[in-house]
Amino acid sequence: MLEPGRRVEVPFGTRKLIGVITGSSSSSDFPENKIKKISKVIDNDTLLDEKLLSLYRWSADYYQHPIGQALQTSLPKQLRRGLPAAVSIETTWQLSKSARNLDPESLKSAPRQQQVVELLSKIGALTSAQIKEALEFAPGSCLSSLMEKGLVVKGEQSTLQLRFDKKKGVELYGKDRPLTLNTEQQQAFDAISSLANGYSTTLLEGVTGSGKTEIYLQLIAGALKAGSQVLVLVPEISLTPQTIRRFQDRFNRYVVAFHSGLNDTQRLTAWLDARDGTADIIIGTRSAVFTPMDRPGLIIVDEEHDSSYKQQDGFRYSGRDLAIYRGRLLNIPVILGTATPSLESLNNALTGRYHYQALTERAGEASHPAFRILDLKGMTVTNGLSEALVDSIRTHLENSNQVLVFLNRRGFAPILLCRECGWIAACPRCDSSYTLHRTPASLSCHHCESVKPAITACQECGSSELGTMGIGTEKTEQALGQLFPGTPVYRIDRDSTRKKDSLQHILAKVYSGKPCILVGTQILSKGHHFPGVTLVVILDADGGLFSGNFRGQEHMGQLITQVAGRAGRGKDIGEVAIQTYNSSHPTLQALVNDGYGPFARELLKERKMGNLPPYSFMALAKAEAATRALPENFLNAVREKLAGKVNGLQLIGPLPSPMEKRGGLFRFQLLLEAEKRSVLQLGLHHLMTAMEKHESNRKIRWAVDVDPVDFT
């Protein structure tokens with residue numbers, strides 16, 4: 001009998017598909033003549049170990065998703081296609097015999113050749129790409145010259161042979177050495193270190209700039225010294241390069257990264273290196289939680305509160321929550337780090353389910369920024385900028401500092417309208433207006449991603465008197481460029497960072513320390529260290545104050561706190577200016593005057609009074625179709641099947657989704673809620689049966705979202 005975890009080829013109609021064995025049985029409910037034989041066994045040994053399979057089984061069951069599709073979500077493409085679980089052969093460069101006793105000083109007239117020789121003498125065989133990564137220049141011409149001189153030779157090795165296991169026996173630390181921890185950091189480090197020999201989850205709540213990353217690095221050092229691998233999850237691809245760079249600067253160890261920017265070969269190589277124990281540190285976004293590890297020792301989830309950890313389509317899992325479950329399976333510690341913990345994690349810490357460590361002060365000489373609320377009532381506002389705000393920006397720039405302007409709305413303007421008849425350019429497929437973009441000139445729907453050329457005349461009355469309402473990052477960039485013509489303005493949003501490495505190029509200019517203005521969306525709020533920024537501007541704080549989502553104020557508090565935390569991280573004192581028409585709103589006042597910690601604890605009290613998560617558990621049954629009646633009738637029929645079947649299960653709806661029409665489909669949802677997770681899970685099993693057996697289930701799209709974050 002074949003062991004679970006091996007890949008096989010199986011007949012499926014007229015096709016042959018690749019599957020993973022997840023279990024076996026000596027009997028079946030199906031007649032023997034209906035059971036097809038395996039066509040081919042692909043793997044001689046198990047590809048996935050039992051504990052990783054257990055993670056897949058549990059997550060598929062908990063999130064009500066087929067385990068086969070769950071496996072397909074995270075396995076490298078070559079493995080899903082049935083290709084061998086083996087790394088490729090690469091061309092390498094190494095010193096020739098005659099070069100091994102060469103004095104590198106003899107090459108001082110060719111400094112880059114000298115650097116290549118010194119690197120190869122330390123490490124041995126490397127590919128051109130590895131040399132480029134280490135030395136930060138393309139080595140092609142240098143290698144050609146060195147080969148002509150007989151100093152380097154070509155070779156071939158498997159990628160596994162090329163990994164940094166050559167550094168075994170080499171000193172653990174690289175050019176970046178551990179920093180001295182302050183009292184709070186040391187207390188947190190000692191407490192977490194004492195939990196290293198078994199499973200635990202620790203919430204490390206540290207204000208922005210408090211040195212959480214330094215604690216991570218020193219805990220990782222302990223795991224590496226013990227011979228273990230470390231998995232680090234980050235919420236966004238944009239954070240991955242800077243995290244990798246910092247870890248590579250600190251450790252002489254092999255760091256691999258998982259994110260959507262990898263090509264298929266890179267992803268397979270990194271996956272195999274992690275599985276076989278060659279990689280020491282694994283960094284990635286949410287899907288990296290499924291990365292196999294040969295010698296796991298520690299899991300870190302940075303910015304644990306971030307909603308990016310929750311997959312919003314297909315296999316709707318939470319990378320953070322699965323990291324905790326995986327830590328329990330592997331019997332290793334898990335660290336959740338953030339300045340703004342999710343209410344679920346905070347409640348688990350306050351009730352003793354998680355260990356808890358707090359960092360209340362910034363590390364080094366940095367101090368907390370001062371907040372200033374700018375009440376826009378009665379003020380003159382041009383292009384979203386008040387006069388008082390413009391004066392503040394000018395003052396900080398004149399002091400040779402940098403300014404960050406936050407607006408969580410990309411594009412030029414969210415509404416294009418006719419000044420004659422009032423017509424608004426609306427997306428015909430969504431209950432939403434088009435957003436006007438100027439670079440390139442277009443109308444874009446940010447919900448269904450449809451794009452059309454920009455128009456010059458009203459499509460209702462033909463008038464050319466078109467205007468805009470509201471502002472986006474493009475318009476703000478333009479306005480600031482006109483106000484401060486001698487100062488560079490850098491826009492950082494999804495549009496300006498589409499090209500590979502474009503974000504890194506912009507950030508390199510910012511890190512130079514020269515006065516500039518950054519304009520951007522929430523990309524700027526996540527983990528970036530801008531020591532030159534002394535003023536952070538939040539242009540529109542009002543949106544989150546009146547959200548229809550019960551999580552709206554939590555998310556608003558997290559976003560404002562994270563953005564504000566980019567100010568004053570260097571030697572100069574920081575300032576945060578918040579523009580609002582609701583300056584007396586109690587939520588905003590509590591956040592500014594008391595800070596996120598007390599603010600979040602007050603929100604927890606409100607959640608408890610309303611019996612909302614984390615004091616109850618929720619799931620959404622979603623359905624959508626081209627006609628309005630289909631999804632509504634489908635969910636009504638499902639509700640009737642569920643009614644009264646599970647004690648303690650509440651059903652709300654079906655109701656239209658907050659955005660009823662999206663992408664040309666009408667959308668409805670049914671909310672399931674229970675005070676116990678077990679009750680909700682029982683209800684979900686009944687729900688799935690009802691949905692799968694309904695006669696119209698193939699005429700609509702339907703899905704289940706367990707522990708939903710987005711209710712739109």
_Among the listed residues LEU219, LEU231, identify the single one that is touching a residue at least 40 places away in the same chain (Cβ under 8 Å), assigned to a helix (DSSP H, G or I), in contact with a Ser or Thr (Cβ under 8 Å, 6 or more places away or on another chain) and assigned by TED's automatic domain parsing to the domain that holds ARG250._
LEU219
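With the structure loaded, tell me whether ALA577 is of a type in the set (A, V, I, L, M, F, W, C) and either farther than 26 Å from ASP540 by Cβ or buried (at least 21 other Cβ atoms within 10 Å of the Cβ) (or both) or whether it fails that test.
So ALA577 passes the test.
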*What is the one condition in (1) in a strand (DSSP E or B); (2) buried (at least 18 other Cβ atoms within 10 Å of the Cβ); (3) not acidic (Asp, Glu) that PRO658 does not satisfy?*
(2)
*Number of positions in the range 437-461 that are more than 27 Å from the chain's Cα centre (by Cα) and either among the aromatic types (Phe, Trp, Tyr) or not in a loop (DSSP other than H, G, I, E, B) (or both)*: 6
*Hey, among the residues in the range 325-373 that are surrounded by fewer than 22 Cβ atoms within 10 Å (Cβ to Cβ) and among the β-branched types (Val, Ile, Thr), which one's nearest to PRO598 (Cα to Cα)?*
THR360
_For the condition more than 27 Å from LEU224 (Cβ to Cβ), without any contact (Cβ under 8 Å) to a residue 40 or more places away in the chain and not hydrophobic (A, V, I, L, M, F, W, C), what is the one hit in THR380, THR360?_
THR380
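When you look at LEU503, is it modelled with pLDDT of 95 or more, surrounded by 15 or more Cβ atoms within 10 Å (Cβ to Cβ) and outside the structural domain of PHE666 (by TED's automatic domain parsing), yes or no? Before you say what the answer is, go through the steps one by one.
Values: modelled with pLDDT of 95 or more: no; surrounded by 15 or more Cβ atoms within 10 Å (Cβ to Cβ): yes; outside the structural domain of PHE666 (by TED's automatic domain parsing): yes.
No.
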*Count of residues meeting criterion [in contact with a Lys or Arg (Cβ under 9 Å, 6 or more places away or on another chain) and within 13 Å of PHE484 (Cα to Cα)] in the range 382-435*: 2
*asked:* Considering only residues that are at pLDDT below 85, under 21 Å from SER444 (Cβ atoms) and either aliphatic (A, V, I, L, M) or surrounded by fewer than 18 Cβ atoms within 10 Å (Cβ to Cβ) (or both), which ones fall in the range 486-500?
replied: ARG498, LYS499
_Tally of residues being part of a helix (DSSP H, G or I), buried (at least 20 other Cβ atoms within 10 Å of the Cβ) and out of contact with any helix residue (DSSP H, G or I) (no Cβ under 7 Å at 6 or more places or on another chain) across the range 525-561_ = 1
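Which is surrounded by fewer than 18 Cβ atoms within 10 Å (Cβ to Cβ), more than 29 Å from the chain's Cα centre (by Cα), over 19 Å from VAL10 (Cβ atoms) and in contact (Cβ under 8 Å) with a residue 12 or more places away in the chain, of SER54, SER98? Break it down into steps so the answer makes sense when it comes.
Details: SER54 fails: more than 29 Å from the chain's Cα centre (by Cα).
Going through SER54, SER98 in turn, the sole match is SER98.
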*Test ALA629 against the criterion of being crowded, with 19+ Cβ neighbours inside 10 Å and closer than 30 Å to HIS685 by Cβ, and give yes or no.*
no
*Among all residue pairs at least 6 apart or on different chains, which show Cβ distances below 8 Å where the first residue, located in the range 620-634, is in the same structural domain as LYS661 (by TED's automatic domain parsing) and more than 11 Å from GLU660 (Cα to Cα) and the second is among the hydroxyl-bearing types (Ser, Thr, Tyr) and surrounded by fewer than 20 Cβ atoms within 10 Å (Cβ to Cβ)?*
LEU630/SER696; ASN633/SER696; PHE634/SER696
_Test: residue in the range 673-689 that is at pLDDT below 95, surrounded by fewer than 20 Cβ atoms within 10 Å (Cβ to Cβ) and either assigned by TED's automatic domain parsing to the domain that holds ARG551 or hydroxyl-bearing (Ser, Thr, Tyr) (or both)_ = yes
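Which residues, counting only those in the range 672-712, are among the charged types (D, E, K, R) and either in contact (Cβ under 8 Å) with a residue 60 or more places away in the chain or assigned to a loop (DSSP other than H, G, I, E, B) (or both)?
Filtering the range 672-712 down to residues among the charged types (D, E, K, R) leaves 673, 675-677, 692-693, 695, 698-699, 701, 705, 707, 710.
Passing the criteria: GLU675, LYS676, ARG677, GLU695, ARG698, LYS699, ARG701, ASP705, ASP707, ASP710.
Say we look at the range 457-467 and pick out the residues that are surrounded by fewer than 16 Cβ atoms within 10 Å (Cβ to Cβ) and touching a residue at least 24 places away in the same chain (Cβ under 8 Å); which of these is farthest from GLU420 (Cα to Cα)?
Only one residue tops the list, namely GLN459.
Condition (residue is within 25 Å of ARG569 (Cβ to Cβ), surrounded by 15 or more Cβ atoms within 10 Å (Cβ to Cβ) and not acidic (Asp, Glu)) applied to the range 377-386: is it met by at least one residue? Give the steps one after another, and end with the answer.
In the first step, residues of the range 377-386 are kept if they are within 25 Å of ARG569 (Cβ to Cβ); the result is 385.
Okay, now just the ones that are also surrounded by 15 or more Cβ atoms within 10 Å (Cβ to Cβ), so 385.
Add one more test, that the residue is not acidic (Asp, Glu), and what stays is 385.
So far as the range 377-386 goes, yes, one or more of its residues are within 25 Å of ARG569 (Cβ to Cβ), surrounded by 15 or more Cβ atoms within 10 Å (Cβ to Cβ) and not acidic (Asp, Glu).
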*Only one of (1) surrounded by 14 or more Cβ atoms within 10 Å (Cβ to Cβ); (2) within 27 Å of ASP61 (Cβ to Cβ) fails for GLU640. Which number is that?*
(1)
_Against the conditions (1) modelled with pLDDT under 95; (2) in a strand (DSSP E or B); (3) basic (Lys, Arg), where does ARG667 fall short? Just the number, please._
(1)
*Of all residues in the range 432-458, how many are closer than 22 Å to ASP313 by Cβ and in contact with an Asp or Glu (Cβ under 6 Å, 6 or more places away or on another chain)?*
0
*Got a sec? Which of THR689, THR627 is over 24 Å from TYR62 (Cα atoms) and among the β-branched types (Val, Ile, Thr)?*
THR627
*Whichever residue in the range 25-60 is hydrophobic (A, V, I, L, M, F, W, C) and outside any loop (DSSP other than H, G, I, E, B) and, among such residues, is nearest to ARG275 (Cα to Cα)*: LEU52
*Determine if the range 381-392 includes at least one residue that is in contact with a helix residue (DSSP H, G or I) (Cβ under 7 Å, 6 or more places away or on another chain), in a helix (DSSP H, G or I) and in the same structural domain as GLN589 (by TED's automatic domain parsing).*
yes
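The values are calculated or read from the model by the stated rules, or taken from the named source; none is laboratory data. As the structure is a computational prediction, the values presented were derived from the model and not from experiment. Neighbour counts run over all protein chains shown; Cβ positions are idealised from the backbone, glycine included.
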